[in-house]
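Let me begin by presenting the structure, written as structure tokens, before commenting on it.
Each reported figure results from applying straightforward, stated rules to the coordinates on display, with no laboratory input. Since we're looking at a predicted model, the values are computed, not measured. A quick note on method: Cβ atoms are made from the backbone with ideal geometry, for glycine too, and the neighbour counts reach across all protein chains shown.
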Amino acid sequence: MIITTHHIHKNPNLTHIHFFQQTKNQKPKTPTPKEKKEKMYTTTLALMATAFAATGVLAAEDVAHIQIDIIVPDGFNELFFLDAPLGQYYMDKAFDNVSTFELEGPEGVSCTPYVEDDNGGYEAEPFTVGKPTVLSTVDSVKVRSVWCI
């Protein structure tokens, strides 16, 4: 039977944990310097990952959740939902007949639509959570791409 034990050393500059494995009725095996270094490195990475996850650094979303109101040929509107990656231009077939863009989340993100027209195109008003961008209430508008940051 293998028993795993550990103990924690604390000092003002560093907290680390030592793990030892032993079989029943056998003295704990003292790790070699290489094993100590590997364990410390692994433990440090695990503690850092836990700390970042707890603060939300690693858990932050890297997509914008967008709602698109689309005018279809029969005059009715349809809603589409998609996720656009942050920090890059995003193109989608759903952008061919846009009426309104609305950001569902996350908070703090802003998205800018780039509209196609006869003169090449223009940058429309950015949309954020709670502040949609209405491109048209009558006709559909062709949007080339969306940039979210």
* Is the shape of the stretch 66-149 rounded, prolate or oblate, going by the alpha carbon gyration tensor and its root eigenvalues a ≥ b ≥ c, with a/c under 1.5 for rounded and a/b larger than b/c for prolate? -> oblate
* Calculate the dipole size of the stretch 95-149 relative to its Cα centre from +1 charges on Lys and Arg beta carbons and -1 charges on Asp and Glu beta carbons; express the result in debye to the nearest 20. => 100
* Structure fact -> Taking placed amide H atoms and a strict 5 Å upper bound, the residues 5 or more places from Val109 or on another chain that come that close are Val129
* Going 7 Å from the Cα of Glu104 in the Cα-to-Cβ direction, what parts of the stretch 122-141 have a backbone nitrogen less than 14 Å from that spot? -> 129-130
* To do: Starting at the first residue of the stretch 119-130, write each ³J(HN,Hα) from the Karplus equation 6.51 cos²θ - 1.76 cosθ + 1.60 with θ = phi - 60°, in whole Hz, x for Gly and Pro.
  => 8, x, x, 8, 8, 7, 4, x, 10, 9, 4, x
